[in-house]
1. Check Ser52 against each of (1) at pLDDT 90 or above; (2) part of a strand (DSSP E or B) and name the one condition it does not meet.
2. Test Leu152 against the stated conditions and say whether it is open to solvent by less than 50 Å² (accessible area, probe 1.4 Å) and modelled with pLDDT of 90 or more.
3. Restricting the range 27-47 to residues that are part of a strand (DSSP E or B) and exposed (fewer than 12 other Cβ atoms within 10 Å of the Cβ), which is modelled with the lowest pLDDT?
4. Could you identify the single residue in Leu104, Leu113, Leu145 that is in contact with a Lys or Arg (Cβ under 8 Å, 6 or more places away or on another chain) and open to solvent by less than 50 Å² (accessible area, probe 1.4 Å)?
5. Look through the range 1-23, keep the residues that are in contact with a strand residue (DSSP E or B) (Cβ under 7 Å, 6 or more places away or on another chain), more than 16 Å from Val126 (Cβ to Cβ) and surrounded by 11 or more Cβ atoms within 10 Å (Cβ to Cβ), and return whichever of them is modelled with the lowest pLDDT.
Amino acid sequence: VLHGIQSLGGRVEIATVQGAGTAFTVWLPLSVAMLRALLVRVEDETYAIPLSLVHTTCRLADHLPLNEASQSMHLDGRRLSLVSLRSRLGLPTPDDVSGHVVVLEGSAGRFALLVDACISQQEIVVKPLQRVRGAAARFTAATILADGSPSLILDINSLN
């Protein structure tokens, strides 16, 4: 926990009074924000999606067949554009299409994002990223997950 707080530019003070207990005081910079996120997995990487943008999730197998030609699917009577996170990240697509679909509400409307798995919902601390020239604008920020591993927060509007 201390390492995570320090990596965000914060600090911790511990004050102990014998027989009375211990007080922990945590300082975090004002630039740090909390966000409720859906954690998804593609291959061995975990990515975070702001939960406020998630409409619903479902298993892909429950909504087959897909319209492969137009890269779309039908859900609740609506035709949604289907975007593979694997392909957007430049990863190879496996022969068997499986996984989960996350229906998102982006600036251009609702669309479906295909991921390998939906892991969990988690409250995360958001740390802004500085843009690197020439880098793909697929991520808005980063976070350190509860298990200590880093995770990038997806920029939903760059995926659709």
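1. Tallying (1) at pLDDT 90 or above; (2) part of a strand (DSSP E or B), Ser52 fails exactly one: (2).
2. Numbers: open to solvent by less than 50 Å² (accessible area, probe 1.4 Å): no; modelled with pLDDT of 90 or more: yes.
Spelling it out, it is not the case that Leu152 is open to solvent by less than 50 Å² (accessible area, probe 1.4 Å) and modelled with pLDDT of 90 or more.
3. Step one: list which residues in the range 27-47 are part of a strand (DSSP E or B), which gives 27, 33-42, 45-47.
From the residues that got through so far, the ones that are exposed (fewer than 12 other Cβ atoms within 10 Å of the Cβ) too are 27, 34.
Details: Trp27: 82, Met34: 85.
My answer is Trp27.
4. Values: Leu113 fails: in contact with a Lys or Arg (Cβ under 8 Å, 6 or more places away or on another chain); Leu145 fails: in contact with a Lys or Arg (Cβ under 8 Å, 6 or more places away or on another chain).
Of Leu104, Leu113, Leu145, the one residue that is in contact with a Lys or Arg (Cβ under 8 Å, 6 or more places away or on another chain) and open to solvent by less than 50 Å² (accessible area, probe 1.4 Å) is Leu104.
5. So the first thing to find is which residues in the range 1-23 are in contact with a strand residue (DSSP E or B) (Cβ under 7 Å, 6 or more places away or on another chain), and the list is 2, 4-5, 7-8, 10-16, 22-23.
Next, from what is left, pick out any that are more than 16 Å from Val126 (Cβ to Cβ): 2, 11-16, 22-23.
Cutting the leftovers down to surrounded by 11 or more Cβ atoms within 10 Å (Cβ to Cβ) gives us 2, 11-12.
Numbers: Leu2: 80, Arg11: 86, Val12: 90.
Across the range 1-23, the extreme among qualifying residues is Leu2.
The values are calculated or read from the model by the stated rules, or taken from the named source; none is laboratory data. Keep in mind it's a predicted model, so treat the numbers as computed, not measured. In this analysis, Cβ positions are derived from the backbone assuming ideal geometry, glycine residues included, and neighbour counts consider all displayed protein chains. These accessible areas exclude ligands, DNA and RNA; they are computed on the full protein's heavy atoms, side chains included. Shrake-Rupley method; radii C 1.70, N 1.55, O 1.52, S 1.80 Å.
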